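Presented below is the structure to which this report refers.
The values are calculated or read from the model by the stated rules, or taken from the named source; none is laboratory data. Source: prediction; values computed, not measured. No Cβ is skipped: glycine too gets one built from the backbone with ideal geometry, and neighbour counts run over all protein chains shown.
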Amino acid sequence: MYKVYGKPTTRAFRVLWMLEEIGADYELIPAPSRSPEVTAVNPSGKVPVLGVDGAFISDSAAILTFLADRHGALTHPAGTIERAKQDAVTHLLLDELDAVLWTAARHSFVLPQERRTPEVKDSLKWEFERNTTRLAERINGTYLCGDQMTIADIICVHCLDWAVSAKFPFENQILADYAEPIRARAAFQRVKAVVS
Ligand SMILES: N[C@@H](CCC(=O)N[C@@H](CS)C(=O)NCC(=O)O)C(=O)O
């Protein structure tokens with residue numbers, strides 16, 4: 001039984017989606033970031049955190065990689081060229097989509113008011129549009145990394161949805177067509193039902 005710390009509206013969504021994909025049992029502890037429940041298991045107070053066998057793993061990408069390797073699902077095997085490419089795409093998504101969205105969030109509501117620079121958001125929106133256009137150019141199939149869905153697709157589609165809720169410009173037909181069948185997956189829909 002896994003424990004997932006974090007509200008489903010945060011990056012904990014990715015972990016819940018993964019757990020639904022692999023059909024693992026889990027308990028959701030929807031504690032807010034920096035709450036005592038979270039700082040007890042992750043000193044930074046950030047979510048998600050995965051509780052497993054008495055240990056606690058932080059960072060959504062690390063958690064997805066762990067679950068993928070452990071359950072042999074949604075990943076190419078470690079040590080293969082396909083896996084190296086999958087890891088590279090995963091890091092690219094974290095650099096070019098996640099980090100841009102997170103910087104905007106920090107300057108909107110995360111940082112102390114006096115440390116926010118809301119004007120940076122215009123530049124971040126431009127950057128996001130450029131990065132998604134570039135990402136679309138590398139899509140030539142159903143998934144980002146070969147003919148099977150991987151954790152990179154979970155992170156990508158989560159970021160695309162995050163962009164919509166953050167009111168980032170995202171009008172790219174290739175990415176819309178790519179994301180649609182992935183969003184239709186039963187595992188995604190089950191988590192979505194919890195969020196809405
Ligand atoms: N790279 C980390 C980022 C974790 C993170 O920043 N989580 C946010 C919620 S989505 C949070 O807990 N923020 C609280 C804070 O920054 O103090 C991941 O992917 O899990």
Restricting attention to segment 108-115, does a residue exist that is hydroxyl-bearing (Ser, Thr, Tyr), more than 18 Å from Ile151 (Cβ to Cβ) and out of contact with any helix residue (DSSP H, G or I) (no Cβ under 6 Å at 6 or more places or on another chain)?
yes
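Among the candidates Ile155, Ile174, which residue alone is surrounded by 17 or more Cβ atoms within 10 Å (Cβ to Cβ) and part of a helix (DSSP H, G or I)?
Testing whether each residue is surrounded by 17 or more Cβ atoms within 10 Å (Cβ to Cβ) and part of a helix (DSSP H, G or I) leaves just Ile155.
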Name the pairs: first residue in segment 91-106 and in a helix (DSSP H, G or I), second residue hydroxyl-bearing (Ser, Thr, Tyr), Cβ to Cβ under 9 Å, at least 6 apart or on different chains?
Glu96/Thr132; Leu97/Thr132; Asp98/Ser60
Take segment 85-102 and flag every residue that is surrounded by fewer than 17 Cβ atoms within 10 Å (Cβ to Cβ) and either among the polar types (S, T, N, Q) or in the same structural domain as Asp59 (by TED's automatic domain parsing) (or both).
none
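Give me the residue from segment 35-60 that is loosely packed, with under 13 Cβ neighbours inside 10 Å and more than 12 Å from Lys3 (Cβ to Cβ) and, out of that set, nearest to the ligand (Cβ to nearest atom).
Here the answer is Ser44.
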If the Cβ limit is 9 Å and pairs must be 6+ apart or interchain, which residue in segment 138-165 that is farther than 27 Å from Arg70 by Cα pairs with which residue that is among the hydroxyl-bearing types (Ser, Thr, Tyr)?
Ile139/Tyr178; Ala163/Thr132; Ser165/Thr9
